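Reading through the structure tokens given below for one structure.
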Amino acid sequence: MNEPYQYRERQVELDKEKEFRLGEGKISGYSSVALGALSLLAVLAYLYPSWLTTAELRQAYDAASLQNLLKYGMYFSLFFGCVTFLLRKYRRMGLIGIGLTGIAFLLGGYKVPVGPVEPQQLSLGVDWLILAFLGSAFIFMSVEKLFPKYKNQVILRKEWGLDLFYFCFNHLAISAIIIYANYHVSHFDWAVSASLQNFIQSMPVLLQVAIIVICADFVLYWEHRLYHEVKYLWPVHAVHHSVETMDWLAGSRGHFIQVFSERAMVMVPLYLLGADTAALNIYVAFAALQAVLIHCNTRIPFGPLKYIFVTPQFHHWHHSSEKPAIDTNYSAHTILFDWLFKTMHMPKEHWPAEYGTTKKLPTTYLGQTLYPLTANLKKSEPK
Ligand SMILES: [Zn+2]
């Protein structure tokens, strides 16, 4: 008879060097640089909106009123920069933050005139990057601070810079992703049924959302499972699994082939169902928040909801390199299909002790982007 698996507690030592502590100038230094960089990007987006903003997103915000937010961002960057400079230890960061904001002011700052935007087919999603970064950093860093799973885990953990790069790339590429997803979905015109769409639209919005969630989950489950179980596809998805510390930024790591294919596949059920815009918007917001939350370093108690929805504990197991968890928990939204197809691993109280792939991947963006090529040339990839 097989011995039961011996679960271990994950050990996270506090890295005092990388920790943020009040009064050192590190918190203000990073805040100044981050706000300075975002301000400069925002000013560029105001100057060249056709090229640097997203047509779909522009309809959702008022560019003129967001200039107020930009104004506060710029002044706070300067304020934090001065504080950092006075605290001495991280002086250089203070200067960089002030410098970035200074350039943003020189380019017109928060007073760049806002006018009609000539739409371009392909643009960079600088607006999407800024808004998503501010929103995610605020919501999920608060969640991780208030309900941390591993209290000792630092924000500047190993490879945070690499994951921030992925975060930026995936958000900047939003317009290319939408173009590709629309092109992909156009191949499914033959499957559109007006009577099905009328039936869906006759339902209450929340029921429409529930149907979208289940249909999208079915597609994402199988897409994800193929990435794991087809030998030649695994190296593409292995990039996402190479992260060894889970937090709000960890889920951003993903090979561009995976990012593009995932969005294109999930568009198919959304397109065929033809639900109301309100239902689609609720689904998109839910999916975006859940995708970040399930990677977070958080122990938020979900109570009975953890038997319905994919939660951090469920998805952390998906990222574990421990034997019983390999090739389990594929679902993105609900646990339904893992339960149905018997691929679920959810020990009641335990969390993983180890994350990542059993075989180490390169640790640079370029190395990871080329990894599907280099790994497939070498053939078999153990997980
Ligand atoms: Zn996976």
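The values are calculated or read from the model by the stated rules, or taken from the named source; none is laboratory data. No experiment lies behind these values; they were computed from the predicted model shown. So basically every Cβ, Gly included, is an ideal-geometry build from the backbone, and we count neighbours across all protein chains shown.
Does THR101 fit the bill of being modelled with pLDDT of 90 or more, in contact with a helix residue (DSSP H, G or I) (Cβ under 6 Å, 6 or more places away or on another chain) and closer than 30 Å to TYR183 by Cα?
no
Kindly indicate whether any position in the stretch 254-268 is among the aliphatic types (A, V, I, L, M), farther than 30 Å from MET203 by Cβ and in the same structural domain as TYR371 (by TED's automatic domain parsing).
yes
With the checklist (1) within 12 Å of the ligand (Cβ to nearest atom); (2) surrounded by 22 or more Cβ atoms within 10 Å (Cβ to Cβ); (3) not charged (D, E, K, R) in hand, flag the one item THR328 doesn't pass.
Failed condition: (2).
Evaluate the stretch 303-315: report whether one residue or more is part of a helix (DSSP H, G or I), in contact with a Cys (Cβ under 9 Å, 6 or more places away or on another chain) and either closer than 26 Å to ASN170 by Cα or within 14 Å of the ligand (Cβ to nearest atom) (or both).
Yes, that holds for at least one residue.
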